Amino acid sequence: METVNQVRLASLPAHEFLHCMAVARECDRREGLLLRQNKGWFQVSGAGHEATAAAGYALTVADYIFPYYRDRALALVRGVTVRELALAYFAKAESSSGGRQMPGHYSDSSRNIFSAATPTASQCLPAAGAAWGFKLDGSGRVALVTVGDAATRQGEFYEALALAIQEKLPIVFVIEDNRYGISTPTHSMFPYRLNILSPERMRRVNGRDPFEVFAAADAAVLQAREGEGPTVLWCDIDRLASHTSSDDQRLYRNSEELEMETARDPISVFSERLIGSGLLNRKDWKRQLEAISLEVDQEYRRAIEDLDPLPHEVTKHVFCDTPASIDPLPFQISSPASIVSAVNETLDYAFTHLPQCLMYGEDIADPKGGVFGLSKGLSTKHPSQVFNAPLAEATIIGAGIGLAAIGRKPIMEVQFIDFMAPAFNQLSNQATTLRWRSAGDWNCGMVIMAPYGAYLPGGSLWHSESNEGLWAHVHGLQIAIPSTPEDAAGMLWTAIQSKDPTLFLLPKHIFRIRKPIGQALCAVPFGVAAIRQQGDDVTIVSWGNGIELAEQAADRFAAANPPVSIEIVDIRTVCPCDYGSVACSVAKTGRLVVVQEDARTTGFGQSIISEIVGKTESFYTLLSPPQLVARTDTPIPFNPILEYAALPSLDDVCAAIELTLRE
């Protein structure tokens with residue numbers, strides 16, 4: 001193996017890499033000068049981290065990089081230009097994020113550089129998900145993910161490493177250990193120094209030596225390609241600048257320490273090594289540095305004159321611009337059907353006809369087939385597409401992000417929506433921002449399927465919540481809630497085709513009710529409400545379990561003397577919401593009641609009412625104040641008496657209707 005490594009070591013282009021290191025440092029220096037001239041807003045430096053970028057030479061162009069914000073040199077190795085770095089610094093319209101991200105957040109799908117996000121270690125699980133996809137498709141590709149030493153205390157780093165070891169994934173973790181998390185020394189906190197993690201897959205590397213970094217990375221990548229699983233490269237380096245431009249490390253680091261680190265600057269040491277070995281001429285190197293300084297100066301001067309992003313484009317790329325299809329479904333579900341059976345049959349068709357589609361969740365494989373049987377029989381029929389996940393929601397969602405990023409169609413199941421909290425970081429900071437923060441360059445077309453809601457006694461607060469108002473605040477997330485088997489099939493099919501992340505919530509109280517199914521079902525476009533019942537006197541707007549209450553109330557008032565005609569609007573998708581259909585119905589009836597299972601305060605029903613009363617054209621159609629029927633602002637209790645006391649009831653809905661009629 002030593003001979004093989006020596007041969008492969010020769011492929012590190014020393015002069016080219018030294019040039020990349022010097023360019024990265026000069027860009028750091030230039031940005032620091034510009035910031036002091038009030039030309040720019042923020043800078044994060046990679047000074048001292050440059051030599052770890054030698055790991056990039058162990059990869060092919062087909063491999064993927066999941067970087068963090070100090071990897072300027074790695075971005076240059078991958079082909080990012082000085083101009084692109086300058087555009088990112090000034091947050092220009094043509095930058096990789098369209099001005100949405102801070103500088104240092106590298107992204108380029110054409111170069112397989114996954115969009116960096118600020119939350120530390122959040123890139124690790126998507127990297128593991130991508131590596132899993134590489135293993136499944138047998139492509140031989142490898143994922144390389146970089147992370148700072150302080151970030152190794154994030155739980156998602158451990159989850160990613162556990163998944164990689166469990167599945168022997170083709171992934172290499174590079175820990176850039178500069179011994180600080182902003183101002184906090186990490187020596188007593190770093191997991192490898194604490195002997196928390198096994199040394200079997202870890203190799204300690206002098207991260208200041210490009211040759212040593214390359215040799216270690218080359219061996220790790222080769223091991224990954226051969227199916228031997230992950231390696232962690234622990235790279236000792238120095239942070240030669242403050243944490244960011246908002247920090248001053250002289251306040252918490254003594255001058256002796258800073259001087260010692262400056263003396264082992266990887267660029268100075270590497271260039272002197274090449275000069276001493278006769279591979280580099282000192283005068284040529286000086287001229288090269290002068291040329292780099294001139295090039296960087298010119299590119300940053302050009303970039304500052306480039307176009308800034310336009311204010312009206314701030315909402316662009318939150319969602320894909322492609323409208324959902326209303327074409328007939330390519331399959332027919334059985335009749336009668338329930339929401340559960342409709343979902344199962346839709347998934348079966350997807351796995352049969354879409355080889356890139358897969359499902360991942362806790363207990364979803366046979367014989368269990370999911371706690372509610374949503375995937376019953378599917379792992380038996382499609383063993384290469386349906387997989388049990390560990391009890392780790394962040395892993396489920398994070399892996400889905402990486403799978404979606406490389407072109408897979410992941411359907412990730414969370415057993416109950418109540419258990420989504422551990423995955424909130426991946427959902428809100430990675431999945432839903434990916435398209436927007438990369439200016440449309442990356443997609444995250446994944447489906448997150450979760451049973452939700454109450455009205456099933458004994459669930460308690462961790463099996464009965466709805467909280468769609470919370471998820472609606474996560475920008476970039478589609479939220480679909482079917483209330484019929486037909487919609488379950490049609491909306492799930494739309495979600496599978498979508499390029500955006502979709503939270504597919506299944507109301508447990510009604511999802512086993514069997515109903516006859518008509519012929520020629522269609523895909524259900526998101527943002528298009530359904531009129532479940534025509535009426536003239538009062539509009540009830542609801543979704544999910546609330547539709548049952550609305551129908552029961554409509555029946556009661558239809559039998560009243562005199563009868564009251566109720567129109568029921570099922571919005572079907574919370575995001576996007578079809579406010580237009582609600583306004584049209586209210587224009588006809590003049591009265592509005594919104595029924596939601598979610599809690600009152602900041603529930604989505606308040607948004608619907610706000611939309612109606614906040615616009616002149618709909619406000620003046622109202623004959624009485626809109627009413628909101630909602631859960632009390634409490635969690636769902638375990639005792640059924642308390643549960644139903646908290647939830648909206650039929651009497652609550654009827655009382656709200658009567659109130660609108662009296663006004």
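The stretch between N38 and L294 holds 90.1 nm of extra length on full extension. This uses 0.36 nm per residue minus the Cα-Cα distance.
Note on the chain: along the principal axes its Cα atoms extend 101, 56, 45 Å, ordered by decreasing extent. Projecting label points 7 angstrom from Cα along Cα→Cβ for E226 and D633 puts them 6.2 nm apart. Set the Förster distance to 56 Å, then compute FRET efficiency between M189 and E94 from the Cβ-Cβ distance, nearest 0.05. Efficiency at R0 = 56 Å is approximately 0.90. When M260, M446 are arranged by Cβ crowding within 10 Å, least crowded first, meaning fewest neighbours, the order is M260, M446. Look at I568, I448, I326 and count the other Cβ atoms within 10 Å of each Cβ; fewest to most, that gives I326, I568, I448.
Remark: the stretch 2-304 projects, on average over all directions, an area of 15.5 nm² (convex hull of Cα atoms). Measuring against 26 Å, Cα to Cα, the residue pairs K92/K316; K92/K286; K381/K409; K316/K499 contain K92/K286 as the ones spanning a longer distance. Trypsin sites (Lys or Arg not before Pro) within the stretch 561-637: which are DSSP loop residues with at most 14 other Cβ atoms inside 10 Å? Counting only loop positions with at most 14 other Cβ atoms within 10 Å, the trypsin sites (Lys or Arg not before Pro) in the stretch 561-637 are K615. Normalised Debye scattering of the stretch 339-507 at q = 0.08, 0.13, 0.14 Å⁻¹ gives log10 I(q)/I(0) of -0.20, -0.56, -0.66, counting only Cα atoms as equal scatterers and leaving out solvent.
Shown here for the stretch 149-239: trypsin sites (Lys or Arg not before Pro) in loop regions (DSSP other than H, G, I, E, B) with at most 15 other Cβ atoms within 10 Å, namely K168, R193.
A straight chain from T315 to R512 at 0.36 nm per residue would run longer than the Cα-Cα distance by 67.0 nm. How tilted is helix 393-405 with respect to the longest principal axis of the chain? Cα atoms for both, answer in degrees (0 to 90, nearest 10). For helix 393-405, the angle is close to 70 degrees. Once you have all Cα-Cα distances for the stretch 531-662, histogram them in 5 Å bins from zero and send the whole-percent values. For the stretch 531-662, the binned pair fractions read 2, 12, 22, 24, 20, 12, 6, 2, 0, 0 percent.
Please sort by residue number the GluC sites (Glu not before Pro) in the stretch 264-336 whose DSSP state is loop and whose Cβ has at most 12 other Cβ atoms within 10 Å. Counting only loop positions with at most 12 other Cβ atoms within 10 Å, the GluC sites (Glu not before Pro) in the stretch 264-336 are E305.
For a paramagnetic label modelled on L650 (point 7 Å from Cα along Cα→Cβ), amide N atoms under 11 Å away belong, within the stretch 534-558, to 549-557.
With everything on Cα atoms, drop me the angle between helix 546-558 and the longest principal axis of the chain, reported from 0 to 90° to the nearest 10. The answer is roughly 20 degrees. For the chain, the antiparallel share of DSSP beta bridges with both residues in that region comes to about 15%. The alpha carbon gyration tensor of the stretch 432-485 gives principal lengths a ≥ b ≥ c with a/c of 1.5 or higher and a/b greater than b/c, which makes the shape prolate. In this simple spin-label model, placing a label point 7 Å from the Cα along the Cα-to-Cβ direction at both K283 and L661 gives a separation of 10.0 nm. Spacing of the modelled spin labels on R264 and S11, each 7 Å from Cα toward Cβ, amounts to 3.0 nm.
Readers should treat all values here as calculations from the given coordinates under stated rules, not as data from a laboratory. As the structure is a computational prediction, the values presented were derived from the model and not from experiment. Reconstructed Cβ throughout: ideal geometry from the backbone, glycine too, with neighbour counts over all protein chains shown.
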